[in-house]
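Undergrad: Take this structure first; my questions come after.
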Amino acid sequence: MTNPNTIKTPPRLTLGNGFISGLFLIMLAGCSEPTIQKLEGPAQGTTYHISYWSESPVDAKDIKAGVENEFAVIDKLLSNYRPDSTIETFNSVENTESQEVGGEIVSLVKIAQVVNQASQGCYDLTIKPLFDLWGFRGDALTIPTDSTIVTTLKQIGMEKLEVVDDTHLRKKQADLKVDLSSIAQGYSVEQISKVLAQKGVSNYLVEIGGELKTNGYKPGLQPWRIAVERPLPEERTMHKVVTMPKDSPIAVMTSGTYRHYFDDHGQRYSHILDARNGRPVTHNLVSVTVLISDPSVADAWSTALLCLGQKDGMKAANEAKIPALFIELQGSELTESRSDALSTLNTLTIH
């Protein structure tokens, strides 16, 4: 999966499935009145783009300041690249005593626990030691020996991470390390969306590193439309267009194997690691897009389903009623399939 098992791993905030920066191209056409405001810039080792408008006056400078402040708060909380972050402080303390990490991290761990169980352990926030072992953190492939993988797997396991209460976690194994990159980008999208809502904006599109959420619509009652990238490493073209609902919020989160990988002596190694065996996945599933209202949940599920592969991923999505679009690469051909929940979803269209 991508870093935690999944792999979104930018250079600063290991936000993940964040690793698939640019999966979506934002299609913003339309009316000139009222005007769509835009914010963009670097964040979390990738970029962000925000488009919003409001029928009533809003303070654009105040919104920009609120967005920038929220990114700083998230970085201090979740970044695996700064030793003073809350999650890295938790990782550095090697004991089995209860530690305060705050409600935000505990809520993300609770989501991850559900997805970990549903994926039979393929998705796991404690995969960080394996990710480091393979050299993915530093972008330099190191193929470990079988014995080293077996040894490192002893450090892995969501069952070794306990939620004590709404603000505290406890390691059942002192050397346990937690990496939230497979869920943190979805969390970031949600938090930035909340900033807009708090500033009086109800019509917006928030995108960070290709992960996004929309609410409301564009001027003239036109829906937000999103272009999903064709999941091939040599192409940057549109594959599908998603027409978003106008009367409810929805997140679009995609995990893929086609942007981040290593080639070594004719062998391709995906950055998506299966926490159950400590190795990169080898199946033909190249992209999974999950479309639900909660970006954090969607982010975790897109990683987990990609980790599982087409057959097991589809089964897990159907059992959990997750709307998901699967794209496999068979030879040179892309084939797609939809989970039951996506096939019956009538609030949006995918063409």
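The values are calculated or read from the model by the stated rules, or taken from the named source; none is laboratory data. Keep in mind it's a predicted model, so treat the numbers as computed, not measured. Heads up, the Cβs are rebuilt from the backbone with ideal geometry, glycines too, and the neighbour counts pull from every protein chain shown. Areas reflect the complete protein model, heavy atoms only, side chains present, ligands, DNA and RNA absent. Shrake-Rupley method; radii C 1.70, N 1.55, O 1.52, S 1.80 Å.
Undergrad: Compute, for Lys240, the solvent-accessible surface of its heavy atoms (probe 1.4 Å) with the complete set of protein chains present, and express it in square angstrom to the nearest 10.
TA: About 40 Å², ignoring ligands and nucleic acids.
Undergrad: Does the stretch 175-226 come out rounded, prolate or oblate, given a ≥ b ≥ c as the square roots of the eigenvalues of its C-alpha gyration tensor, rounded meaning a/c under 1.5 and, failing that, prolate meaning a/b above b/c?
TA: Numbers: a/c = 5.33, a/b = 2.23, b/c = 2.40.
Cα axes put the stretch 175-226 in the oblate bin.
Undergrad: Using the per-residue mean of other Cβ atoms lying within 10 Å as a proxy for protection, in what order, highest first, do the peptides 282-288, 85-91 fall? Kindly include the intermediate steps, with their values, before the conclusion.
TA: Numbers: 282-288: 21.6, 85-91: 18.9.
Packing order, densest peptide first, comes out as 282-288, 85-91.
Undergrad: Let me spell out the model: positive unit charges on the Cβ of Lys and Arg, negative unit charges on the Cβ of Asp and Glu, origin at the Cα centre of the stretch 90-247. What dipole size does that give, in debye rounded to 20?
TA: Values: 18 positive and 21 negative charges, 123 e Å.
Computed about the Cα centre, the dipole is about 600 debye.
Undergrad: So which lysines can Lys64 reach, going by Cα to Cα under 23 Å and dropping same-chain residues fewer than 8 places off?
TA: Lys38, Lys76, Lys194, Lys199, Lys213, Lys218
Undergrad: Taking every pair of alpha-carbon atoms in the stretch 55-207, give the share separated by more than 29 Å as a whole percent. Before the final figure, lay out each step's value.
TA: On the way: 3169 of 11628 pairs.
For the stretch 55-207, the share of Cα pairs beyond 29 Å comes to 27 percent.
Undergrad: A further question follows. Kindly provide the GluC sites (Glu not before Pro) of the stretch 45-77 that DSSP labels as loop, not H, G, I, E or B, and whose Cβ sees at most 16 other Cβ atoms within 10 Å. Each step should come with its number before you reach the end.
TA: Working: sites: Glu55, Glu68, Glu70; in loops: Glu55.
Filter output for the stretch 45-77: Glu55.
Undergrad: For the stretch 282-341, what is the accessible area per residue in Å², given a 1.4 Å probe and the full set of protein chains? Let's see the in-between values first.
TA: On the way: 2240 Å² over 60 residues.
With all protein chains present, the stretch 282-341 gives 37 Å² per residue.
Undergrad: Now for a different question. Nearest 0.05, what FRET efficiency do Lys38 and Thr344 give at R0 = 35 Å with Cβ-Cβ as r? Each step should come with its number before you reach the end.
TA: Values: r = 34 Å, r/R0 = 0.98.
It comes out at approximately 0.50.
Undergrad: Tally Lys and Arg at +1 and Asp and Glu at -1 over the other residues with C-beta under 11 Å from the C-beta of Thr86: what net charge comes out? Intermediate values should be presented prior to the final figure.
TA: Working: positive: Lys76, Arg82; negative: Asp75, Asp84, Glu88, Glu100, Glu104.
Once positives and negatives cancel, what remains is -3.
Undergrad: Using a 1.4 Å probe over the heavy atoms of the protein chains, calculate the carbon and sulfur portion of the accessible area of the stretch 169-250 as a whole percent. Could you put the intermediate results ahead of the total?
TA: Working: 1200 of 2600 Å².
Within the stretch 169-250, the accessible surface is 46 percent carbon and sulfur.
Undergrad: What is the stretch 99-175's relative contact order, in percent, from Cα pairs under 8 angstrom and six or more apart in sequence?
TA: Relative contact order, the stretch 99-175: 41 percent.
Undergrad: Compute the FRET efficiency between Val58 and Lys110 as 1/(1 + (r/R0)^6), taking r as their Cβ-Cβ distance and R0 = 51 Å, and round to the nearest 0.05. Spell out each step's value before the answer.
TA: On the way: r = 34 Å, r/R0 = 0.66.
The computed FRET efficiency comes out at 0.95.
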